[in-house]
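Undergrad: Here it is, the structure, as structure tokens.
The values are calculated or read from the model by the stated rules, or taken from the named source; none is laboratory data. The shown structure was predicted, so the numbers you read here are calculated from the model rather than taken from an experiment. Note that we place each Cβ from the backbone using ideal geometry, even for glycine, and neighbour counts take in every protein chain shown.
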Amino acid sequence: MVSMAQERTVSSVLRVIVDGIVDSDSVSLSCIWLVGPGDQCDECPLRSRCPNQTKCLHLMASANNSPGLQQSTEEQLPAFNRYPLGITQIGSVFSSSVPVRKLTVDPDEDWIVYPEWVKEERIRNYAAQPLQFHGETLGVLEVWDRTELSEEDFVWLRVCADQAAVSIVNARAFEEIASLKERLELENNYLREEVSDALGHHNIIGTSPRIKKVLQQIRWVAPTDASVLIHGESGTGKELVARAIHENSPRKGRALIKVNCGAIPETLFESEFFGHVRGAFTGANKDKPGRFELAHGGTLFLDEIGELPLAIQAKLLRVLQEQEIERVGDS
């Protein structure tokens, strides 16, 4: 449990839990299920029985002492890495928050997903404990055992589940803090670049009728949340106008994020603008916020937007219209 509490990511916490439980030779399989979005409903064999297709239980970690499961359980049983809430043993334990201990496991019962494995392993007992924190059920911890689980074992599993829930909540908090810290660091880097670029260019100075018209238009549009199209030849001060709009808007306390659209490769466009989640593609080792997310609450200046391919401009237009983004690889 001490090792569990020291972990700083959810995945590492879950790994410590399931590995620790299967240290006992009698334990054949240990799994942790956490509630998540209903992201595989089309392939789910239990869809017809699912009462809520917006969320379900996800198999997040497993460990085994089973010759019949040489691969990880997630790879061995891909069709059963999701469970609806409220049905089967796991879903019922989650929805009711009531633990289950079955002293006799019958492979022919309808809730058994892999009856052949239960027979081969000679599974005798099954236990499932809800993972709860401050009245909220996060998921389910389940154990398949070849021997008889005593009352003391069941109580120990309850203590383990309580400690696991606390560690999961703490790890999620650490991950959120790390994400916010990274975002602030990126935002600060942009701000420092902007300050450096802006030195000596704080104001638009001019008395000609055209300059006065531009300044009036800036005063009109700056207080609004409208998207603004600034056009003109290179060197006419489009960025200066964008900065003036930002500095005269309610968003001036947040970052002005500047993007040279012509310098971003087409293959990296969605990742750069919308961000990505860890594992979305090769090299995506951690979550990364995109330019839109960094500019949230501030202003995003898309320079040379006409340089983008038409297909990408269509995606960008949809974001500007819907005011919503989705990170690459996110569900």
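Undergrad: Report every pair of residues separated by at least 6 positions or lying on different chains whose Cβ atoms are under 7 Å apart, first residue within region 171-182 and among the basic types (Lys, Arg), second modelled with pLDDT under 85 and part of a helix (DSSP H, G or I).
TA: Every condition considered, the pairs that remain are Arg172/Val10.
Undergrad: Which residues, counting only those in region 134-156, are aliphatic (A, V, I, L, M) and closer than 17 Å to Arg124 by Cα?
TA: Val143, Leu149
Undergrad: Being on the phi > 0 side of the Ramachandran plot, modelled with pLDDT under 85 and more than 25 Å from the chain's Cα centre (by Cα) narrows it down to one residue among Gly262, Gly235; which is it?
TA: The match here is Gly235.
Undergrad: Return the residues of region 38-64 that are modelled with pLDDT under 80 and of a type in the set (A, V, I, L, M, F, W, C); say none if nothing qualifies.
TA: Cys41, Cys44, Leu46
Undergrad: Something else now. Name the single residue, out of those in region 249-291 being of a type in the set (Asp, Glu) and surrounded by 16 or more Cβ atoms within 10 Å (Cβ to Cβ), that is nearest to Glu324 (Cα to Cα).
TA: Here the residue is Glu270.
Undergrad: Could you grab me the full set of residues in region 114-160 that are among the hydrophobic types (A, V, I, L, M, F, W, C) and part of a helix (DSSP H, G or I)?
TA: Trp117, Val118, Phe154, Val155, Trp156, Leu157, Val159, Cys160
Undergrad: For His246, indicate whether it is closer than 21 Å to Lys181 by Cβ and surrounded by 14 or more Cβ atoms within 10 Å (Cβ to Cβ).
TA: So His246 does not fit the description; no.
Undergrad: Right, something else. Among the numbered criteria (1) in contact with a Lys or Arg (Cβ under 7 Å, 6 or more places away or on another chain); (2) β-branched (Val, Ile, Thr); (3) free of Cβ contacts under 8 Å to residues at least 12 places away in the same chain, which one does Thr207 miss?
TA: Every condition holds for Thr207 apart from (1).
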